[in-house]
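Trainee: Starting off with a structure, shown below.
The values are calculated or read from the model by the stated rules, or taken from the named source; none is laboratory data. Please read these numbers as outputs of a predicted model, since none were measured by experiment. We place every Cβ from the backbone using ideal geometry, glycine too, and count neighbours over all the protein chains shown. For accessibility, only protein heavy atoms count, side chains too; no ligands or nucleic acids. Shrake-Rupley method; radii C 1.70, N 1.55, O 1.52, S 1.80 Å.
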Amino acid sequence: MIASTAPAGKGPRKGSHRQNQVDPLAPLRGPDDPPWDVYLTGTVFLDIIFTGLDSAPVRGTESWARGMGSSPGGVANMATALARLGLRTSLAATFGDDHYGDYCWDALEHGEGIDLSPSRTVPGWHSPVTVSMAYEGERTMVSHGHEPPPEEPAPECPPRARAAVASLAPGVRAPWIAQAASKGTRVFGDVGWDDTGAWDLAALPDLRHCEAFLPNAQEAMRYTGADCPRAAAHALTEYVPLAVVTLGADGAYAVDRRTGETAEVPAIEVEALDPTGAGDVFVAGFVTGTLADWPLADRLAFAGLTAALSVQEFGGSLSAPGWSEIAAWWRKVQSVREQSPTALGRYGFLAGLVPEKLVRPWPLRRAVPTIGFRRSA
């Protein structure tokens, strides 16, 4: 296990644009490429995150948090993580016409350079909100929102993209997934907890269109009936070519049925401030490495690194690291005395990716305690 300290976070800024100076797909780009590297659709939430809680709130009492942050959430977590890693990202989502919706739109379009041309603002529909309370390395969330309007973007003909990340749900079929896959888009399937309790892979009809499936250990074991996460990953390859199972503090394990390759990478030891969105950041890192055609173990290591860096900042979306944060981490861990050569060598592939000097005019946006401050004259 490699020990790490994240680079210091910096404050928010206004009117920022994409600052990535590393394009991980540069060697693969050609004139006939799709216009987008990754396409996403889903619901954007306004996340309000409380940190610094010593324990879970107790019924009938009042708890005070030592920290608070606000940021776009929901599908915005994944979209932001992908964009900050240099992928050209397009998002179809519905935004409320309230201040929360305006803030989320501005943060994603102008702050992160995400294409929102498939998205829209709906008059009279308020933004969904999630309150997340982080404590003891975990989080508890409470959300509120109304059913999205019938016209919520999930176009039957999604734009051409190298890849798409699809959130699979039991008993739900999304026509755009099959259509995207039929046009050559590589679909990465994510999944949440099965509230039905059935845990039936046949109830995920769009899984057959996915190139990769990325559940956590508990989800993988419940879906397959396996008694350990690694066995579950192998069992999942009967349904999808590439299975990636996250193991929490133990890292991640992956099996590629097409090549017979397996890989396991331990987690990076960090002190977590807020784990909100870490799973989304992990998926974004793995998608980036896959599109860049890296070896399987490098993809797992990179995904774990980006997730580890993210949990040391507030919020799900604005905690995602960019290449400057990755470069700062890489230089920092090389300077740590008595660092394990074996552990350090696992991330040696970064040496060929991170430039010697990475300069950007402003820091990344980070979550702030509140939004909508009036601008001074």
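Trainee: Could you work out the relative contact order of the chain? I mean the mean sequence separation of Cα pairs under 8 Å and 6+ apart, divided by the number of residues, in percent.
Mentor: 22
Trainee: Taking the full set of protein chains and a 1.4 angstrom probe, give the accessible area of Tyr239 in square angstrom, rounded to the nearest 10.
Mentor: 120
Trainee: With every protein chain left in place, what is the accessible area per residue of the chain in square angstrom, probe 1.4 Å?
Mentor: With all protein chains present, the chain gives 46 Å² per residue.
Trainee: If ligands, DNA and RNA are left out, what is the accessible area of His209 with a 1.4 Å probe, given in Å² to the nearest 10?
Mentor: 40
Trainee: Let me ask something additional. Where is the GNM fluctuation largest for the chain (alpha-carbon springs, 10 angstrom cutoff): Ala351, Ala180, Ala79?
Mentor: For the chain, modelled as a Gaussian network with Cα springs under 10 Å, the answer is Ala351.
Trainee: Express the carbon and sulfur contribution to the solvent-accessible surface of the chain as a percent, rounded to the nearest whole number, probe 1.4 angstrom.
Mentor: Carbon and sulfur: 52 percent of the exposed surface of the chain.
Trainee: Give me the net charge for the shell around Thr290: Cβ to Cβ below 13 angstrom, other residues only, Lys and Arg +1, Asp and Glu -1.
Mentor: With Lys, Arg at +1 and Asp, Glu at -1, the net is -2.
Trainee: Farthest toward the dipole's positive end in region 78-209, which of Leu108, Gly184, Thr80, given Cβ charges of +1 (Lys, Arg) and -1 (Asp, Glu) about the Cα centre?
Mentor: Comparing the listed Cα positions along the dipole, Gly184 ranks first.
Trainee: Which of Thr61, Thr237, Thr89 ends up with the largest GNM mean-square fluctuation for the chain, with Cα atoms connected below 10 Å?
Mentor: Taking springs between Cα atoms under 10 Å, the residue moving most is Thr61.
Trainee: Give the separation of the Cα centroids, region 303-347 to region 205-277, in Å.
Mentor: Using only Cα atoms, the two centres lie 21 Å from each other.
Trainee: I'd like the accessible area for Phe302, computed on protein heavy atoms only with a 1.4 Å probe and all protein chains in place. Round to 10 Å², please.
Mentor: Only protein atoms counted, so the area is about 0 Å².
Trainee: Treating only the Cβ atoms of Lys and Arg (+1) and Asp and Glu (-1) as charged, compute the dipole magnitude of the chain about its Cα centre; round to the nearest 20 debye.
Mentor: Values: 32 positive and 43 negative charges, 239 e Å.
Value, rounded to 20: 1140 debye.
Trainee: Restricting to DSSP loop positions (anything but H, G, I, E, B) with no more than 10 other Cβ atoms inside 10 Å of their own Cβ, which trypsin sites (Lys or Arg not before Pro) remain in region 221-305?
Mentor: Of the trypsin sites (Lys or Arg not before Pro), the ones in loops of region 221-305 whose Cβ has at most 10 other Cβ atoms within 10 Å are Arg258.
Trainee: Of the listed values (1) 20.4; (2) 29.4; (3) 22.0, identify the label whose number matches mean projected area of the Cα convex hull in nm² calculated from this model.
Mentor: Computed from these coordinates, mean projected area of the Cα convex hull in nm² corresponds to label (1).
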